[in-house]
Amino acid sequence: MIETNLSLAPHNERDLILEYLAPEKTADAVKLLAKSKGSVHVLAGGSDLLVRMKGGYVEPDVIIDIKRIKAMQDIKKGATGFSIGAAVSCAKMGEHKALRKAWPGVVEAANLIGSDQIQGRCTIAGNLCNASPAADSVPALIAAKAVAVIKGPKGTRRVAIEDIATAPGKTCLKKGEIVESIQLPKRAAKMADAYLRFTPRTEMDIAVVSAAVNLTLGPRGVITHARVALGAVAPTAVLVPEATKILKGGKLDDEKLEALAEICNAACRPIDDKRGTIEFRTHVAGVLATRAARLAYTRAGGKL
Amino acid sequence: MGKDTLLTDRVFKSVGTRPMRPDGIDKVTGRARYGADHNMSGQLHGSILRSPHAHASIKSIDTSKAEKLKGVKAIVTAKDFKTKGITDPGLLDIIDNCMAGKKVFYDGHAVAAVAAVDAKTAKAALKLIKVEYKLLKHVTDVDEAVKPKAPVINNKCFTKGVDPTPGKASNVAKRSEFGHGNVAEGFEAADVVIERNFKTGQSHQGYIEPHACVASIGPDGAGELWVCTQGHFVFRQQCAEILGLDEAKLKVTSSEIGGGFGGKTHLWVEPVALALSQKANRPVKLVMSREDVFRASGPTSATSIDIKMGVTKDGVITAAEAELRYTSGPYAGSWATLGAMTAFACYDLKNVKTVGLEVLVNRPKTTAYRAPSAPMAAFAVESMIDELADRIGMKAIDMRIQNAAKEGTKSSYGPVYGPIGIGPTLDAAKNHPHMSAPLGPNQGRGMACGFWFNFGGQSCTDLNISSDGTATITVGTIDVGGARASLALVVAEELGIPYEQVKAVIADTGSLGYNEMTDGSRGTFASSMSAIQSCRMAIADMRQRAATLWEIDVDEVVWENGQAWAGGESNSNHPPLSIADLAKSAEKTGGPIAGHAQIVADGAGVSFATHICDIEVDPETGQTRVVRYTVIQDAGKAVHPTYVEGQFQGGAAQGIGWALNEEYIYGEDGRLQNPGFLDYRIPVCSDLPMIDTQILEIPNPNHPYGIRGVGETSIVPPLAAIGNAVSNATQVRMTHVPMSPPRILAAIHAQAASDDSSDD
Ligand SMILES: Cc1cc2nc3c(=O)[nH]c(=O)nc-3n(C[C@H](O)[C@H](O)[C@H](O)COP(=O)(O)OP(=O)(O)OC[C@H]3O[C@@H](n4cnc5c(N)ncnc54)[C@H](O)[C@@H]3O)c2cc1C
């Protein structure tokens, strides 16, 4: 284990002494998390944590870096689907052919985060645990029915992605708990997902609203399963269960798309802020959901 | 000296070529030293405590606890700045803005500053300073601020320019008026009259390098300031007066500059660093954070413009009138005056009237931003021209050509124009392939013209010839966009030696006479004029030396291709003497070879540009994409065409950002909500297409090489060009900058709703 007392350069306006720990096993990380006192933070890519430290919003006493933990470093393909280690960078996800093929929506969401430089460091587990309502990978993971594997002092629990964030910046993780991996289900035949976000800029921006759609088709393009999630329209990313009912049974036609837009509009509980108005977010949520649905439908082999 | 600055028909050898800039390698390798790259031994860390309130009176400031903290070496508040004896109201405003006196006027206004041994101690000390505020009602919106019931920001503000001066204080600091003819009669003669209100958000220059300086004053009252600035001589003058120092004893050195665009023409933290250094008797380094830059260094004005224009069915503009309200922050400025002067300057108008109102608001002090105030006025005027043309069924470009100002036109702000470039830029636009290229679905094309004054002013340069014959040109205008390359080209041209043998250096304030700032597009215009005169002085001297060596009359010595030639047949036995030859024998002919000039560079002339752009709008989201953009501008003579193009492109890029997304957003509490690049959205690389440029060269008759300033005009047309393109793409007139997606979508929906109701 690496253990250092870090004194950040004074020109960073931060020369506070803090404890930096880099365990190599999940169990050690859990132990350290459970016993450390003060402000304790997990460090994955650091693209949220370091920004918040620099801004003075958090002043950690202890940082636990998870990038050396073997169990968190890989993408594994198994009988039940994919397991993405919590320390896997979003760039690595984009380079994984099988993952890209199986979950194009999840990968495109991960590869929208920041820029090439950010993606070289950042993780979807960090994106999830940062608990921003605008996190890009989260709606895609919700639509994909992904599950977070959480290790803690009391053992392992598996929690649906939509249940992780409880409010902006808050998660259901308890003291000592850590996300070890994110599990994506096995991809069925004729199944595909898509993710779209709205940002005023082409990159280096935060979603003003976003939508993810995951569809499974039966014979003749009939939709057999559907999951729709929206981002940045409520305190946390939301699953829209009513959308499943609307989309299931039958092909993706104009009537379904119109109903989908309406139900997505209705699912929005956004705020007016510097990034967008209530009207704008509500309207564009519907627009993006229909566009993502079209994309997922054609990806799954359906014809529009 | 004025006369020999006039244009001569010269065939150029160096001027007009595109060599590599001398500062390039240092900049890309990180060797160049910017504001924060300088350090002095024993230097302290300076930090500023800023107001969290938009408007409050300061009841008390208790620094006693902070003073006791180990490692704190000095604390200053307004008490430490003596205003007695200072009469210039502008300087008093600068002092109050650098360190709030009785009141804080905006979120981010400085109230106290600390110098400590390190950043951590300084930060801890700031937390220990207790400021007791009494909150006052605030106003940040320009139209709210002029309402009779608005909270009055300065109870000694009685509108200037109104006769008689009002007895009641208000937020209107000044009214200015320009124009000629009779607008009422003009509107009578019009077939179509349109009246509208246009608004623009407050934008920031967005320079990548934050303000930074290192100040050091000794107990003898002599000091140094290393600073990132657009004008170190002006900074010296103002800082010396504020600190009560002798100007000559304060040496100000300008660092490399990571963008300024007007924002670094103003003092924000430098007097504070000097005051801390004076008090601590140690050097103090002060670097603003990005958040501080947004909250407390001058953005441009937010505006609201009421405009009315009339046109005959044949396209003649019969009258134009506008009231332009510009925010100036909490202190009086002349921003609306500039807006009122530039608004209609592109056109030849019989009847025109503009009124500018300087409006005080609880926002940071407005400062210059590239052609300050002109882009907002152009947004209103050029949008109206398009709409009027549309109403009478004429092409907007033809209506512009028909009404364009020309030589002899009485400008809307008074003077009569000499030879100007608006007509040629319009003709070039009309003939440009961009104008007739096909548009895709949901795309619209827009165009707009822009005007800017350009300045000249005081400049001073030295030319020194080294012993090997290479030349150093020393100037006092800092280099923001390739000026060193341009000035070296000019000197190479004048002396007749290769560009590579000339080094351009920017002197500190101790090494050269006073120079005005690099602003008003004056840097290359004014310093090149002075440099040419310095060269001519050195050439005259070198001819004399050659004459002495040859023992002939100086009139027989000709200077050509960097050499002295003995003229006349009887002298043909003398081989020519190069600069290097003359430098070698300098000891025998009168010592080092040098030239010097000090001038007031008159005749900068005015500048015009025309821009064309294509924008695609997603009708379902209001998302915009800049598909194609073309800048056409008159450069007089492009000394280094690549850097002229860079100025054209840079101004357009900044204008595009301002037009589409950039804006200060204030909360109900008067606090700035987006003091960072995440939510203050300047364009990223992938937001912009390659910006096409076309340089026109209509020589400036008042400059020996025909040079005009090119730095600013390019930001004037974009707001309007994009507004027109978006309006043409959506069929909805856009009147509010920035045209962010929520605003465009709301406008599309509002139009659809009103179309629906009128269909019923
Ligand atoms: C320039 C820039 C651009 C950005 N653009 C985007 C964007 O477009 N879209 C977007 O969604 N985000 C964006 N972000 C935010 C950020 O990059 C993402 O949220 C990223 O996914 C965070 O991952 P990370 O590994 O860097 O997280 P970290 O910063 O390491 O961690 C984030 C938070 O999660 C906690 N955490 C991390 N891993 C675990 C774990 N395994 N178990 C428990 N808690 C954990 C940390 O303690 C911390 O609180 C941007 C950030 C920057 C700096």
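The values are calculated or read from the model by the stated rules, or taken from the named source; none is laboratory data. On a predicted model such as this, the values are computed, not experimentally measured, just so you know. All Cβ positions, glycine included, derive from the backbone under ideal geometry; neighbour counts span all protein chains shown. Remember, those area values only see protein heavy atoms, side chains included, never the ligands or the DNA or RNA. Shrake-Rupley method; radii C 1.70, N 1.55, O 1.52, S 1.80 Å.
Of the numbered conditions (1) open to solvent by 10 Å² or more (accessible area, probe 1.4 Å); (2) in contact with a helix residue (DSSP H, G or I) (Cβ under 7 Å, 6 or more places away or on another chain), B:ASP314 fails exactly one; give the number of that condition.
(2)
Has the range B:663-685 got any residue that is within 30 Å of B:ILE401 (Cα to Cα), more than 16 Å from the ligand (Cβ to nearest atom) and within 21 Å of the chain's Cα centre (by Cα)? Before the answer, list the steps.
Just the residues of the range B:663-685 that are within 30 Å of B:ILE401 (Cα to Cα), to begin with: none.
Checked the range B:663-685: no residue is within 30 Å of B:ILE401 (Cα to Cα), more than 16 Å from the ligand (Cβ to nearest atom) and within 21 Å of the chain's Cα centre (by Cα).
With the checklist (1) open to solvent by 10 Å² or more (accessible area, probe 1.4 Å); (2) at pLDDT 95 or above; (3) within 9 Å of the ligand (Cβ to nearest atom) in hand, flag the one item A:THR26 doesn't pass.
Going through the list (1) open to solvent by 10 Å² or more (accessible area, probe 1.4 Å); (2) at pLDDT 95 or above; (3) within 9 Å of the ligand (Cβ to nearest atom), A:THR26 breaks only (3).
Residues in the range A:70-77: is at least one within 11 Å of the ligand (Cβ to nearest atom) and either surrounded by 22 or more Cβ atoms within 10 Å (Cβ to Cβ) or within 14 Å of chain B (Cβ to nearest Cβ) (or both)?
Yes, the range A:70-77 has at least one match.
Any residue in the range A:200-209 that is more than 11 Å from the ligand (Cβ to nearest atom), farther than 30 Å from B:LEU745 by Cα, assigned to a loop (DSSP other than H, G, I, E, B) and not hydrophobic (A, V, I, L, M, F, W, C)?
Within the range A:200-209 (the criterion being more than 11 Å from the ligand (Cβ to nearest atom), farther than 30 Å from B:LEU745 by Cα, assigned to a loop (DSSP other than H, G, I, E, B) and not hydrophobic (A, V, I, L, M, F, W, C)), the answer is no, since none of the residues qualifies.
Residues of the range A:78-103 being away from the ligand (no atom under 16 Å from the Cβ), open to solvent by less than 30 Å² (accessible area, probe 1.4 Å) and not hydrophobic (A, V, I, L, M, F, W, C), which ones?
Our first condition is that a residue be away from the ligand (no atom under 16 Å from the Cβ); within the range A:78-103, this holds for A:78-82, A:95-103.
Keeping just the survivors that are open to solvent by less than 30 Å² (accessible area, probe 1.4 Å) gives A:81-82, A:99, A:102-103.
Passing the criteria: only A:GLY81.
What residue, among those in the range B:576-591 that are assigned to a helix (DSSP H, G or I) and more than 44 Å from the chain's Cα centre (by Cα), is surrounded by the most Cβ atoms within 10 Å (Cβ to Cβ)? Step through it out loud before you land on a result.
Within the range B:576-591, the first condition is being assigned to a helix (DSSP H, G or I), and the residues that meet it are B:579-584, B:586-589.
Narrowing further to those that are more than 44 Å from the chain's Cα centre (by Cα): B:587-589.
Values: B:GLU587: 10, B:LYS588: 10, B:THR589: 17.
By that ranking, first place goes to B:THR589.
Can you tell me which residue is nearest to A:VAL209 (Cα to Cα) among those in the range B:733-755 that are part of a loop (DSSP other than H, G, I, E, B) and at the interface with chain A (Cβ under 10 Å from one of its Cβ atoms)? Lay out the reasoning, then the answer.
Our first condition is that a residue be part of a loop (DSSP other than H, G, I, E, B); within the range B:733-755, this holds for B:733-735, B:738-740.
Remaining after also requiring at the interface with chain A (Cβ under 10 Å from one of its Cβ atoms): B:738, B:740.
On the way: B:PRO738: 20, B:SER740: 15 Å.
Among those that are part of a loop (DSSP other than H, G, I, E, B) and at the interface with chain A (Cβ under 10 Å from one of its Cβ atoms), it is B:SER740.
Under the condition of being open to solvent by 50 Å² or more (accessible area, probe 1.4 Å), of a type outside the set (S, T, N, Q) and within 14 Å of another protein chain (Cβ to nearest Cβ), which residue from the range B:12-51 is farthest from B:SER297 (Cα to Cα)?
B:ASP37
Would you confirm whether or not the range B:626-642 contains a residue that is farther than 16 Å from B:ILE722 by Cα and part of a helix (DSSP H, G or I)? Talk me through it step by step, then tell me what you get.
Step one: of the range B:626-642, the residues farther than 16 Å from B:ILE722 by Cα are B:633-642.
Filter once more, so that each one left must be part of a helix (DSSP H, G or I): B:641-642.
Scanning the range B:626-642 turns up at least one residue that is farther than 16 Å from B:ILE722 by Cα and part of a helix (DSSP H, G or I).
Quick one: count up the residues across the range A:271-304 that are of a type outside the set (A, V, I, L, M) and either crowded, with 23+ Cβ neighbours inside 10 Å or part of a helix (DSSP H, G or I) (or both).
Number of matching residues: 14.
Taking the options A:THR224, A:THR202, A:THR166, name whichever one is polar (S, T, N, Q), open to solvent by 40 Å² or more (accessible area, probe 1.4 Å) and at pLDDT below 95. Spell out how you get there, then give the answer.
Working: A:THR224 fails: at pLDDT below 95; A:THR166 fails: at pLDDT below 95.
Exactly one residue qualifies, and that residue is A:THR202.
Go through A:VAL233, A:VAL228, A:VAL213 for me and flag whichever is among the aliphatic types (A, V, I, L, M) and either in contact with a Gly (Cβ under 8 Å, 6 or more places away or on another chain) or within 13 Å of the ligand (Cβ to nearest atom) (or both). Don't jump to the end; show me each part of the working.
Details: A:VAL233 fails: either in contact with a Gly (Cβ under 8 Å, 6 or more places away or on another chain) or within 13 Å of the ligand (Cβ to nearest atom) (or both); A:VAL228 fails: either in contact with a Gly (Cβ under 8 Å, 6 or more places away or on another chain) or within 13 Å of the ligand (Cβ to nearest atom) (or both).
Of A:VAL233, A:VAL228, A:VAL213, the one residue that is among the aliphatic types (A, V, I, L, M) and either in contact with a Gly (Cβ under 8 Å, 6 or more places away or on another chain) or within 13 Å of the ligand (Cβ to nearest atom) (or both) is A:VAL213.
Run B:GLN694 past the list (1) within 14 Å of another protein chain (Cβ to nearest Cβ); (2) of a type in the set (S, T, N, Q); (3) touching a strand residue (DSSP E or B) at 6+ places or on another chain (Cβ under 6 Å) and report the number of the one that doesn't hold.
The one condition B:GLN694 does not meet is (1).
Residue-wise test of (1) of a type in the set (Gly, Ala, Ser); (2) touching a Phe, Trp or Tyr at 6+ places or on another chain (Cβ under 8 Å).
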{"site": "B:ILE552", "(1), (2)": "no, no"}
{"site": "B:VAL557", "(1), (2)": "no, yes"}
{"site": "B:SER578", "(1), (2)": "yes, no"}
{"site": "B:GLU587", "(1), (2)": "no, no"}
{"site": "B:GLN598", "(1), (2)": "no, no"}
{"site": "B:GLY603", "(1), (2)": "yes, no"}
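Filter the range B:87-123 down to the residues that are more than 27 Å from the chain's Cα centre (by Cα), open to solvent by 10 Å² or more (accessible area, probe 1.4 Å) and more than 14 Å from every other protein chain (Cβ to nearest Cβ) and list them by number.
B:GLY101, B:LYS102, B:LYS103
Table: residues versus (1) in a loop (DSSP other than H, G, I, E, B); (2) at pLDDT 95 or above; (3) of a type outside the set (Asp, Glu).
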position: B:PRO424; (1), (2), (3): no, yes, yes
position: B:ASP427; (1), (2), (3): no, yes, no
position: B:GLY440; (1), (2), (3): yes, yes, yes
position: B:ARG445; (1), (2), (3): no, yes, yes
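For the range B:666-682, indicate whether the set of residues that are within 10 Å of chain A (Cβ to nearest Cβ), outside any loop (DSSP other than H, G, I, E, B) and at pLDDT below 95 is non-empty.
No.
Only one residue in A:VAL51, A:VAL42 is open to solvent by 60 Å² or more (accessible area, probe 1.4 Å), within 11 Å of the ligand (Cβ to nearest atom) and of a type in the set (Val, Ile, Thr), so which one is that?
On the way: A:VAL42 fails: open to solvent by 60 Å² or more (accessible area, probe 1.4 Å).
It is A:VAL51.
Looking at B:SER334, B:SER289, B:SER328, which is the one that is touching a residue at least 60 places away in the same chain (Cβ under 8 Å) and crowded, with 24+ Cβ neighbours inside 10 Å? So that I can check it myself, show each step before the final result.
Values: B:SER334 fails: crowded, with 24+ Cβ neighbours inside 10 Å; B:SER289 fails: crowded, with 24+ Cβ neighbours inside 10 Å.
Exactly one of B:SER334, B:SER289, B:SER328 is touching a residue at least 60 places away in the same chain (Cβ under 8 Å) and crowded, with 24+ Cβ neighbours inside 10 Å, namely B:SER328.
Could you check, for the range A:182-195, whether at least one of its residues is surrounded by 17 or more Cβ atoms within 10 Å (Cβ to Cβ), within 14 Å of chain B (Cβ to nearest Cβ) and within 30 Å of A:ASP272 (Cβ to Cβ)?
So far as the range A:182-195 goes, no, none of its residues is surrounded by 17 or more Cβ atoms within 10 Å (Cβ to Cβ), within 14 Å of chain B (Cβ to nearest Cβ) and within 30 Å of A:ASP272 (Cβ to Cβ).
Go through A:GLU177, A:GLU162 for me and flag whichever is away from every other protein chain (no Cβ under 14 Å), among the acidic types (Asp, Glu) and within 9 Å of the ligand (Cβ to nearest atom). Outline the logic, then answer.
On the way: A:GLU162 fails: within 9 Å of the ligand (Cβ to nearest atom).
On inspection, the qualifying residue turns out to be A:GLU177.
Within the range A:112-127, track down each residue that is surrounded by 24 or more Cβ atoms within 10 Å (Cβ to Cβ) and more than 6 Å from the ligand (Cβ to nearest atom).
Result: A:ILE124, single match.
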